Amino acid sequence: MALRAAPVELPGIQRRPEQAFGVYVHVPFCITRCGYCDFNTYTPAELGGVNPDAWLDALNTELELATARLDAPTVDTVFVGGGTPSLLGPARIVALLDTVRRHFPLAPDAEVTTEANPESAWPDFFEAARAAGYTRVSLGMQSVSPFVLGVLDRIHTPNRSASAAREALAAGFDHVSLDLIYGTPGETDDELLCSVDTAIATGVDHVSAYALVVEEGTALARRVRSGELAAPDDDVLAHRYELLDERLSAAGFDWYEVSNWSRPGGECRHNLGYWNGGQWWGAGPGAHGHVGATRWWNVKHPNAYAEALQGSALPVAGFEQLDVEALHTEDVLLKTRMRQGLPLEVLNAAERERAKTVVADGLLIAEDDRLVLTPRGRLLADAVVRTLLG
Ligand SMILES: C[S@@+](CC[C@H](N)C(=O)[O-])C[C@H]1O[C@@H](n2cnc3c(N)ncnc32)[C@H](O)[C@@H]1O
Ligand code: SF4
């Protein structure tokens, strides 16, 4: 595997035309930084002159260069993530999709998602996005407990997330998702269940639930290190996962990846593309792309991003050519976490032998020619993958 440092010239990319193709757009703006978050996002004070219009101009140039590189493939899925895409407001979220369409043909049934934050997405935002052709909204709810939202430094009121989800549905979105975080220090079982029940009651068709991760360099990590907050406890996290899985299943949501549940037909096709070894162009500051065997990542700061594109250069910070072994590791890692399971044919002889032990331990079951995580296996998915890979 060849690893290169920035700034770099992206080598020729061999796209596999038979595989689905997606576009990810990273919107690097937030009003404030939540204490747990280490995503590549910037508050106004950290931006140093780049505003959303300049970012949109730069994005237009990146997509123009991208489509020339790939020969304008038809796009099956678009995912606008962040950061906070809803901070762009209705007019720019429409302009953003126009920019993608200007350079890439969209499949007639393309899935087009935008993330949105409850405090900056209102009916006019949802209506404009729906009319422009977005088909899916993913909202960060995290919790409905005032205490938990306080620990997480969320700036929306406890009721706002459910209202925003209902407004998105009323604007005509068939697919709306809510993100939850569980295991925040001090959270109770009842607070988690109240968040899950509130999410279900909105009528959304998708829920993602993530165990709180204490990321190095965040305000949360400093508070945990100083002893002000307890670190999330593994047993508590496992118990909470079981609680929320039980509640979601009873309400007709099936897990389709360890952290993702949907009603039938509500699965996120863009994320399924990531997990099934699909290809996508990642546009925007810090975005990662993966087409054929090439994976690359953009420069992180919006200023450096805009500067590179002003000179008509792709803003690539580094790339790697994945060899057969790296592609195999990724395949096992991602497919094991999915409900559809890991096809046995993916595994080599030694891995199949190790898989027998994992099955005997009750963490995987064989379903036809696939291995699927059991309920206990889902709690230990990382360990299962480590054992399989040896
Ligand atoms: C990067 S955010 C972007 C979406 C949007 N800005 C928001 O905050 O809702 C995507 C999701 O990742 C999850 N997330 C981010 N950092 C996390 C962490 N340290 N632990 C667990 N989940 C995290 C949150 O659920 C969040 O909704
Ligand atoms: S969690 Fe979302 S709103 Fe909070 S800082 Fe991260 S990207 Fe921004």
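The values are calculated or read from the model by the stated rules, or taken from the named source; none is laboratory data. Everything numeric in this text was worked out from a predicted model, so none of it was measured. Don't worry about glycine lacking a Cβ; one is built from the backbone with ideal geometry, like all the others, and counts go over all protein chains shown. Protein only, heavy atoms only, side chains kept; ligands, DNA and RNA dropped before computing areas. Shrake-Rupley method; radii C 1.70, N 1.55, O 1.52, S 1.80 Å.
Counting only residues that are surrounded by 14 or more Cβ atoms within 10 Å (Cβ to Cβ) and not in a helix (DSSP H, G or I), which one in region 39-54 is farthest from ligand 2 (Cβ to nearest atom)?
Val50
So Gly81 passes all but one of these: (1) modelled with pLDDT of 95 or more; (2) small (Gly, Ala, Ser); (3) not assigned by the TED database to the domain that holds Ser177. Which condition number does it fail?
The failed condition is (3).
Check Leu87, Leu96 and return the single one that is open to solvent by 20 Å² or more (accessible area, probe 1.4 Å), more than 30 Å from Ala230 (Cβ to Cβ) and either in contact with a His (Cβ under 7 Å, 6 or more places away or on another chain) or within 16 Å of ligand 1 (Cβ to nearest atom) (or both).
Among Leu87, Leu96, only Leu87 is open to solvent by 20 Å² or more (accessible area, probe 1.4 Å), more than 30 Å from Ala230 (Cβ to Cβ) and either in contact with a His (Cβ under 7 Å, 6 or more places away or on another chain) or within 16 Å of ligand 1 (Cβ to nearest atom) (or both).
Here are the criteria: (1) open to solvent by less than 20 Å² (accessible area, probe 1.4 Å); (2) farther than 25 Å from Leu237 by Cα; (3) assigned to a loop (DSSP other than H, G, I, E, B). Tell me which single one Val176 does not satisfy.
The number of the failed condition is (3).
Just to be sure before I move on: is Ile155 within 16 Å of ligand 2 (Cβ to nearest atom) and open to solvent by 20 Å² or more (accessible area, probe 1.4 Å) in the structure I sent?
Yes, satisfied.
Considering only residues that are more than 18 Å from the chain's Cα centre (by Cα), more than 10 Å from ligand 1 (Cβ to nearest atom) and part of a loop (DSSP other than H, G, I, E, B), which ones fall in region 179-219?
Pro185, Gly186, Glu187, Thr188, Thr202, Gly203, Glu216, Gly217
Output yes when any residue across region 199-214 is free of Cβ contacts under 8 Å to residues at least 12 places away in the same chain and loosely packed, with under 15 Cβ neighbours inside 10 Å, and no when none is.
From region 199-214, those free of Cβ contacts under 8 Å to residues at least 12 places away in the same chain are none; that's our starting set.
The answer is no, given that none of the residues of region 199-214 is free of Cβ contacts under 8 Å to residues at least 12 places away in the same chain and loosely packed, with under 15 Cβ neighbours inside 10 Å.
With the requirement that a residue be open to solvent by 10 Å² or more (accessible area, probe 1.4 Å) and in a helix (DSSP H, G or I), what does region 163-173 give you? Steps first, please.
Of all residues in region 163-173, those open to solvent by 10 Å² or more (accessible area, probe 1.4 Å) come to 163, 166-167, 169-172.
Listed by number, the residues that qualify are Ser163, Arg166, Glu167, Leu169, Ala170.
Looking only at helices (runs of 4 or more DSSP H) that fall completely inside region 280-374, which ones have 1 or more residues that are under 27 Å from Ser262 (Cβ atoms) and open to solvent by less than 40 Å² (accessible area, probe 1.4 Å)?
Of the helices (runs of 4 or more DSSP H) lying wholly inside region 280-374, those with at least 1 residues that are under 27 Å from Ser262 (Cβ atoms) and open to solvent by less than 40 Å² (accessible area, probe 1.4 Å) span 324-336, 349-360.
Just one of (1) farther than 20 Å from Leu314 by Cα; (2) open to solvent by less than 40 Å² (accessible area, probe 1.4 Å); (3) in contact (Cβ under 8 Å) with a residue 40 or more places away in the chain; (4) within 16 Å of ligand 1 (Cβ to nearest atom) trips up Arg33, so point out which.
(2)
If you go through region 107-142 one residue at a time, how many are within 16 Å of ligand 1 (Cβ to nearest atom) and at positive phi? First the steps, then the outcome.
In the first step, residues of region 107-142 are kept if they are within 16 Å of ligand 1 (Cβ to nearest atom); the result is 113-122, 125-126, 129, 134, 136-142.
Now drop any that are not at positive phi, which leaves 142.
Qualifying residue count, region 107-142: 1.
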